[in-house]
Structure formats: structure tokens, C-alpha cells
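So the structure is just underneath, and the comments pick up after that.
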Amino acid sequence: MTKFLLAVHVLAAIVAVGPVTVAASMFPPSARKVLAAPDDLRAREVVRLLHRICRVYAGVGIAVPVFGIATASSMGVMGDAWLIVSMGLTVAAAIVLVVLVLPRQESLLVEGGADRAVTVQLGMFTGVFNLLWATVTVLMIVRPGSTTGA
């Protein structure tokens, strides 16, 4: 059962978190294109699509920690420091996404009249989100104190 849970956890991370990190990273430069050419309908549609990908896959991404906790429980590592740190960073990444990234994307879509500074700030928050997930990924691979030899 542990191998099944781990496989679902890793697949969920790839399928759910991957698209969010890519789409969120593409959003600020795409929004700047809209600011530069407000009449470009294709650019507007690209920004809408990127936001939709972020929003939908953020919801799907709930499966990652759910299956991660189930996997950790079955492996008996719930009290390990690397896992506790990973869980804390995952919560931080979720907060950054839900509180700082998605609302700013939404406001750029609705209000549209933002300036370049708003997209730069959004890019910074997106970078923080991506850095948090990259750190979690490294911790999941390295697992300090692991007895697997990895």
C-alpha cells in the first residue's frame, strides 16, 4: 500500500503542482504584454487561460499533501524533521498562492488597468511560491537522516 500511496503522491505533485508553477511563472510577462497592447485579444485570452490553469490546478493540488500525509503515515516518518519542515513549507506555499498570487492575477484580469510594478510584484510572489515548492521537492528527495542511503 505504501508504494501505491507514494506513486499517487508523486504523480499528483507532477500533474498538479507542475502546471501551477509554470502557468504562474508565465502570467506576469503575459500580463505585461496585455498592458503594452490592450487591444490584443489573443494576449488577453492567454492571461485568462494561465489564471484558469493556476486556479484549477491549485484545487487539484490538495491531493499532494493528502497523499503525502497518507504515505508518511504508512512509512512511519510523520515525526521526522525533514517531513515536518516540508509540511510547513507546503503550507507556506499554499498561503502564498492563495493569498498573494491568485488574488493579484484575478485583479489584473478584472481591473486590467495595472502598471508594470504590479506585474513585477506578482512575479516576485510567484518566484517565492516556486522556490518554496522547489525546496519541498529537494527535501523529499534528500530526506536528511534517511536510512535508504539516498
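The values are calculated or read from the model by the stated rules, or taken from the named source; none is laboratory data. It should be emphasised that the depicted structure is a prediction, and the values quoted were computed from it without experimental measurement. Methodologically, a virtual Cβ is constructed for each residue, glycine included, from the backbone with ideal geometry; neighbour enumeration extends over all protein chains shown. What goes into the accessible areas is simple: the full protein's heavy atoms, side chains included, and nothing from ligands, DNA or RNA. Shrake-Rupley method; radii C 1.70, N 1.55, O 1.52, S 1.80 Å.
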Toy charge model, Lys and Arg Cβ at +1, Asp and Glu Cβ at -1: region 1-115 dipole around Cα centroid in debye, rounded to 20, equals 200 debye
Under 20 Å by backbone N from the virtual spin label 7 Å along Cα-to-Cβ at Phe4, the residues of region 57-71 are 63-71
For Cα extents along the principal axes in Å the list reads [x] 57, 25, 22; [y] 52, 36, 32; [z] 48, 33, 23; the calculated value is entry [x]
Under the 7 Å Cα-to-Cβ spin-label approximation, Val138 and Ile84 lie apart by a distance in nanometres of 2.1 nm
Pseudo-spin-label distance Val56 to Val99, built 7 Å along Cα→Cβ, given in nm, is 2.8 nm
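How large a share of the accessible area of the chain, in percent, is made up of carbon and sulfur atoms when the probe is 1.4 Å and the other protein chains stay in place?
With neighbouring chains kept in place, the figure for the chain is 71 percent.
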In the chain, helical segments from DSSP H whose Cα atoms cover 27 Å or more along their own axis and that average at least 0.5 on the Kyte-Doolittle scale are 18-36, 116-142
Bounding extents of region 67-150 in its principal axis frame from Cα atoms, largest first in Å, are 54, 20, 14
In Å², rounded to a whole number, the accessible area per residue of the chain with probe 1.4 Å is 56 Å²
The Cα extents of region 21-103 along the principal axes, largest first and rounded to whole Å, are 56, 18, 17
In deg cm²/dmol, rounded to the nearest 500, the helical mean residue ellipticity at 222 nm of the chain, built from -39500 (n - 2.57) for every DSSP H run of length 4 or more, is -25500 deg cm²/dmol
